[in-house]
Structures are given as C-alpha cells and as structure tokens.
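The block underneath contains the structure these notes are about, expressed in structure tokens.
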Amino acid sequence: MTAVLALRAMQPVHLAPFNQGGGSWRGQAPSCRGRRPSTNPSPRSAGCIGSTAIVGCLAGRSSQRKLRRGRSLQAAHAEDRASSWATQLLKCLSVGVAAATLFVCATNPRIEYPWGVLWIAAPTALFMAPGAALLACNLIESPADLSQAKGEGKRIAAVLVGDSLTHGSISANYVDVLQDRYQGYGEGGFVNAGVNMRASGEVPLELLAEAASLRPTHGVVVLLGTNDVLRALALLPPLRPSPRAFIQKYSATLREIAERLRAEGTAVTLVSAPILGEDLKSIPCRMMRLAARAARRVASTIPGCRYAPLYEATAARLQDLQGAGLAPQPFSPLVSLALLCQLPWQLYAQGISLDTLRRERNFGLTVDLVHFAEEFAEIAADVITKTLELPRGSPGAQTEEKT
C-alpha cells in the first residue's frame, strides 16, 4: 500500500536546446552558482515558433532587497502548508490504522484486548507512514485556490493549471514567487489550480469552466506533461506507446484544453513541462523535449494561445551547471521513489529546505529527479513573466534600487 501511494504521488512532476523549423532556440536561465542567484545574468539570443516569440531566456533575478521582502509571503505559505500537512497526515494515519486494525480484529477472534490491538496498530502505523505522508501532501490546500478566488470576487491576473509542480507542496512553488513579485502592482492574484499526480488528460471540464469564469486578465496558464511521461515510462516495453503515439495523444489533449478555454473567451498559455532527471541525453529528457515541441506546435496553431518555453529554460540552466562540472543524473524510478518517500518528512517534519536537500543530494535543479528546488521557481516565474508580458519587479523595489 505504501509503495502504491508513493508511486501515485510521484510526478510530476517535475532537456536540451533544440532546433525546429530552421529556427534555433537557445535559452539561458538566470545565472545562479551558489546559494544566492546572480543579479546580472546575460541572456542569449533566441528564436521561437509560436504565437509569441520569446527572445532570450529570462532577464536575471530580482535584487536582494526584493528577495528579502518576497520571502514574507512565501514563508507564510510554507508555514501554512506545514501545518496543513501535519493535520492531513494525522487524518490519513488515523483512518488507515483504524481500518486495518478493525479488519484484523474482526477476522481474528484470538486478539487480546487492549494490548493485542496496540501490537497491531503500532506496526501498521509505521508501515503506512511513508505513503500517508505523500498522501497528506496531495491533500494540502493551496493558499490561493479556485474556490477562494471565486468567493473573494477579486480581479485575477492568471489561473495556473498544472500538477505537483504548480501545486507546490513537494516542489518549489513558482505561484508564490509570482504572487510576491506583483503585490505592489494592483494586479489580481495568481490562482493556483495545481493538483498532485495530474496528467494532461485528467483536467476536469468543470475546472476549465471555473477558471474561465474568473476572467483572468492574463488568461489561463497550463503546465502539464511530466505525469504523462512518467506513466508512459512506467509501462513495460511491450505495452509502452511509441514516441509518435505518445506525442499524438499528448498534443490532442493539449489542443482540447486550449480550444475549450479559447471558446470561453480566455487567453491561453501552454507551458512546456521541465526536465525529467538531470541527464539531457537520457530517454526521459528526450521525451520531455518531444513534449515541449508538441506544446509549441499546438500553441502556434491556435489564435490567442501562447507558448512558454520552460523546458528549454531548465535544459539550458542544467547544461550550464553541467558545463561547470555537475555530473549528469538520469531519471531512475527506484531512486526517485526512495528520495520522494523521504521528502515530506524532511520538508515538513524536519524543516529542511528544498535547496538544502538539492545540495546534499548533489543535484543541479531537482530534489528527487522529478520535483524541483527553489531556483526552478524563479526560472518558471521568469518564463511566465516574459511570456505574459508582465512587468518585472514591483514599484517599491524599483524605488529602492534607484535610491
């Protein structure tokens, strides 16, 4: 049971530059070699097929003042998530242990009370703990979900639909970064509609209708694809779809999502899913690259649909890190699962940061080869900022920097 829950919780979540149609894309994520990112990156030139051409990848990070100020909202949300995780963990363990104990007691009349029940409940709790911890992460409520946005009636900047990379309970939360950046602009909030384990074919039609009904000023942003690739790779080779069949199905699903949102009169941004593992030559990364190309093609054929090159940005950043000596780490289901099972306890029970876990595990961007540390949140926010043509920084930060 623990293994099943852990496997279901594994994402997405969670890549090399390429040439297409005669135009090359070569992005560069913000330069960050150390615990604090550089504030003077040098973006590279780029060409992009799609309704919106993105030149370069990402203009640098925010100033140290902005990062210090921005931590307040992210820290508050992190505390809320930790508290919610502990509550959900207790509920999951209580229900699971009670059900298992009642079943054993009902089928074994020789159980002695009360010590016999204790001897059943204690080992059961230990056995269920890893799976319950992951399940509790799935049940953490987002600080800014759809239901809250509808109830508040505020103007919304964008609704972000995705998987665990968007939900942000076991991966760096780029939605919080966007919220931090635009508090001072009077923009509406960024609504987090991410759900752990979600694949592209599992987006409810009701969710799309609700997202469109909020009339977000910058539309709906869709980041899906990691779970699609993970599930394809989990199949035995004879049952695994060919790359061509996988891309056809994935493209059709993205097209359906985008067209339904456009029919509601809402602008759409398709974000390519990031790297999977940290070896750009591995099969998982190649599949993510194919998925990114598919998302780009779909966006280029639908009026009012834009493409955000997150895969390209994470691949370029990883390439920079590996050029500086970082060893490639291909995705491995067993390694990723083992690291994922530890992640909730380290993150919420011990209070270890994602970036600390990344460094301890000698990774460049990820913490378990699927989910990401803090730098990814900045990269994703930069990609979305540039694609949606949002203003960078905040008025307060700009004033401080000028003085």
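Laboratory data are not the source of any read-out in this text; all were calculated from the coordinates shown. Just so we're clear, the structure is a prediction, and the values are computed from it rather than from any experiment. No Cβ is skipped: glycine too gets one built from the backbone with ideal geometry, and neighbour counts run over all protein chains shown.
For the stretch 342-391, the list of GluC sites (Glu not before Pro) that fall in a loop by DSSP and count at most 11 other C-beta atoms within 10 angstrom reads GLU389.
Close amide H pairs (under 5 Å, H built 1.01 Å from N) link PHE372 with ALA172, VAL367, residues at least 5 positions away or on another chain.
A simple count of charges around ALA295, restricted to other residues whose Cβ falls under 12 Å of its Cβ and scoring Lys, Arg +1 and Asp, Glu -1, yields +4.
Report relative contact order for the stretch 213-274 in percent, whole number only (criteria: Cα-Cα under 8 Å, sequence separation at least 6).
Values: 42 pairs, mean separation 38.4, N = 62.
Relative contact order comes out at 62 percent.
At an R0 of 25 angstrom, the distance between the Cβ atoms of LEU102 and GLN350 translates into a FRET efficiency of 0.20. Relative contact order of the stretch 203-312, please, whole-number percent, based on alpha carbon pairs below 8 angstrom and at least 6 residues apart. That works out to 31 percent. Electrostatic bookkeeping for VAL203 treats Lys and Arg as +1 and Asp and Glu as -1; over the other residues with beta carbon under 11 Å from its beta carbon, the sum is -2. Extension gain for GLN183-GLU112 works out to 19.6 nm (0.36 nm per residue, less the C-alpha to C-alpha distance). Mind running the shape call on the stretch 179-256? Use the C-alpha gyration tensor, a ≥ b ≥ c as the square roots of the eigenvalues: rounded below 1.5 for a/c, prolate if a/b tops b/c, oblate otherwise. It comes out prolate by the Cα gyration axes. If a/c stays under 1.5 just call it rounded; otherwise compare a/b with b/c (prolate if a/b is bigger, oblate if not). Do that for the stretch 280-403, with a ≥ b ≥ c from the square roots of the Cα gyration tensor eigenvalues. In terms of gyration-tensor shape, oblate.
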